[in-house]
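Heads up, the thing below is written out as structure tokens.
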Amino acid sequence: MDKEQRDKVFAASYQKTEEGKEQLYNYEKNKVESVDDIANYNSLTKLPILRMFNYKSSEIVKANPDLKYAVIVMDITRFKAVNEFLGRSEGDRLLLFIADCLNKYVEERSFTVAGHMRADTFCLFTAYIDQSELSDICVNIKRRIKNMFNSFRVIISFGICASRDRSPAIPYLKDCATMALSEVKGKYYADYCFFRDEMRTNMLKEKLIESDMMVGLEHGEVIPYIQPKVDMTTGKIIGGEALVRWNKPGEGIKSPAEFIPIIEKTGLIINVDRFMWARIFAYQKRVLDEGRTPLPISVNVSRMHSFEDKLAQRILGMHERYEVPTEYVVLEITESAFALDENNMDDQMKKLRQSGFTISMDDFGSGYSSLNMLRSRELDEVKIDKEFLSDIENPKSRIVIRNLINMLRELNVEMIVEGIETEAQKKFFVDNGCTRAQGFLFYKPMPLDEFDELLKKDS
Ligand code: C2E
Ligand code: MG
Ligand code: MG
């Protein structure tokens, strides 16, 4: 499929013909009628679930095609944490309170439907005259929740799609509201966001990147680069890190910053990671077959894998298939993944560690690191992030780094510093006893074959 064809496919999926709308309406009607009445409502809040929400809203639109309509989608950030820290009953109380707020609007405003989509996601469909009515709804709900639950901070975000079209399709409005929601979700400084057309354009662009990359993965465009890691006291290479590159036809080598945030959103990162791991296992196997001793190479494990139950099984499968001892492949997991879904990620890491893999916490200090994670998580190594090096001249920074190094040493956790670019940085870390590093001062990431040549020379 070329670009033009693909654009058409995406455009078609959003086309809203009258015929299409009628079909959708009938489809929703069938769905609602084919299940028990009770199954169309959330068992806790008694609000309509998605199919019923769509159906009820569509009926209103059908009967009053000349009004203007909007859908507001709202989402509680880290609802799971509310349940975990305050108990399920408080979590339920919060959900019931939100349902109550929404029901008030259903009573007060004509042509309004409330819905409960998933545990922490609610929807409101309503006719409106002025857009300010919609933002007022969001601000009011937020204020009521704040007053009610002021003992703990509930972050609730809203995405709004205010349609200007005549009789819009409800799922389309809801999709657009969800797109708007993703712009503000979890951000402390913004409460709501209105959908704008460019959000859809961006989404389509992202979908294009994803589909191109999916093809690229099969056509050998995705390639591993390796950045050597060194012992700063001897200059010797002690290992490497595999970093993905995309050699996109006509555009040259693309860096992760240009595509990883996108493929993390769409989930393709899972396939890219697996591909990279397989390439590294295969490379290490080749080195072993040639009678050489491999140096450990680390691979990145995206935080998206924290939702994957079979992560450990999959990596262990590769280790067996390629017959590469676990000591030659290190697993780097970014610090935020440890915080994200601690239970699953930690369980998976435990299994992998027990089988002999080294677990390295990547980007330590770049995000919301918690010192507690050093104590409680399954890990062998910490990668000190380049963020720490940015103002190494600052005496306070020096104190922080020096004590971090001491703490890691006492905790018996291996360490490596990332992003060494200057002799001064190198000296400071070596003087303080952190001797392993990865940085442009020594080597930049290079194609796998080049790395292999380098190793042959270095040994
Ligand atoms: P990371 O895992 O922390 O990798 C280190 C990044 O720091 C690499 O950027 C590397 O080129 C860069 N770096 C190393 N030394 C220096 C230095 O001295 N100065 C500067 N300015 N940068 C330095 P890269 O290759 O662009 O990768 C960026 C990020 O993308 C990686 O950060 C990692 O989070 C992600 N990534 C790369 N490859 C993969 C992959 O295969 N899978 C996953 N899930 N993520 C990957
Ligand atoms: Mg890394
Ligand atoms: Mg890093």
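Throughout, read-outs are computed from the coordinates displayed, never taken from laboratory work. Please read these numbers as outputs of a predicted model, since none were measured by experiment. As a convention, Cβ positions derive from the backbone with ideal geometry for all residues, glycine included, and neighbour counts pool all protein chains shown.
Counting other Cβ atoms within 10 Å, which chymotrypsin sites (Phe, Trp or Tyr not before Pro) in region 167-196 have at most 13 and lie in a DSSP loop?
Tyr188, Tyr189
Which percentage, to the nearest 5, of the DSSP beta bridges contained in the chain is antiparallel?
60
Calculate one ³J(HN,Hα) per residue across region 282-299 by plugging θ = phi - 60° into the Karplus curve 6.51 cos²θ - 1.76 cosθ + 1.60, and present them in order as whole Hz with x for glycine and proline.
Rounded to whole hertz, the list is 5, 5, 4, 4, 4, 4, 4, 4, 7, x, 9, 9, x, 9, x, 10, 8, 10.
Give a quick list of chymotrypsin sites (Phe, Trp or Tyr not before Pro) in region 79-149 that DSSP marks as loop, anything other than H, G, I, E or B, with at most 11 other Cβ atoms within 10 Å.
Filter output for region 79-149: empty list.
Relative contact order for the chain: what is it in percent, counting Cα pairs under 8 Å that are at least 6 residues apart?
The value is 11 percent.
Output the 0 to 90 degree angle, nearest 10, between the alpha-carbon long axis of helix 256-266 and the longest principal axis computed from the alpha carbons of the chain.
Taking Cα atoms only, the helix is inclined about 40 degrees.
Using the 4.7 Å Cβ rule, please list in number order the cysteines from the chain without any candidate partner.
So, Cys101, Cys123, Cys138, Cys193, Cys434.
Where a ≥ b ≥ c are the square roots of the eigenvalues of the C-alpha gyration tensor, would you call region 206-458 rounded, which needs a/c under 1.5, or, failing that, prolate if a/b is larger than b/c, or oblate?
Here region 206-458 falls in the rounded category.
How would Lys456, Lys351, Lys386 line up from fewest to most surrounding beta-carbon atoms within 10 angstrom?
Final ranking by Cβ density, sparse to dense: Lys456, Lys351, Lys386.
On full extension of the chain, what length is gained from Lys205 through Thr422, given 0.36 nm per residue of separation minus the C-alpha to C-alpha distance?
My answer for the length gained is 74.3 nm.
Quick one: if you stick a label point 7 Å off each Cα along the C-beta vector at Ser255 and Ala63, how many nm between them?
Taking the simple label geometry, Ser255 and Ala63 are separated by 5.8 nm.
Sort Ser306, Ser366 by Cβ crowding within 10 Å, fewest neighbours at the top.
Ascending number of Cβ neighbours within 10 Å: Ser366, Ser306.
Would you please give the FRET efficiency between Glu323 and Ile392, computed as 1/(1 + (r/R0)^6) with r the Cβ-Cβ distance and R0 = 45 Å, to the nearest 0.05?
Efficiency at R0 = 45 Å is approximately 0.55.
Need one word for the chain: rounded, prolate or oblate. Basis is the Cα gyration tensor (sqrt eigenvalues a ≥ b ≥ c); a/c below 1.5 gives rounded, then a/b vs b/c decides.
Details: a/c = 2.40, a/b = 1.81, b/c = 1.33.
Because a/c hits 1.5 or more and a/b exceeds b/c, the chain counts as prolate.
Between Lys146 and Leu217, what FRET efficiency follows from the Cβ-Cβ distance if R0 is 30 Å, with the result rounded to 0.05?
Approximately 0.05, to the nearest 0.05.
Rounded to the nearest 500 deg cm²/dmol, what is the calculated helix-only ellipticity per residue at 222 nm for the chain, with -39500 (n - 2.57) per DSSP H run of length n ≥ 4? List each step's numbers first, then the result.
On the way: 17 runs with 230 residues, N = 459.
That comes out to -16000 deg cm²/dmol.
To make sure I understand, if each residue's beta carbon is the centre and we count other beta carbons within 10 Å, what order do Lys56, Lys62 fall in, fewest to most?
If I rank by nearby Cβ atoms, fewest first, I get Lys62, Lys56.
Multiply the residue separation of Arg93 and Asn372 by 0.36 nm, subtract the distance between their alpha-carbon atoms, and state the gained length in nm to one decimal.
Separation in residues times 0.36 nm, less the Cα-Cα distance, equals 97.4 nm.
Determine the alpha carbon to alpha carbon distance for each of Lys185/Lys310; Lys142/Lys205; Lys80/Lys187 and list only those over 23 Å.
Check vs 23 Å cut-off fails for Lys185/Lys310; Lys142/Lys205.
Among the trypsin sites (Lys or Arg not before Pro) within region 165-246, which fall in a DSSP loop and have no more than 13 other Cβ atoms within 10 Å of their own Cβ?
Arg166, Lys187, Lys236
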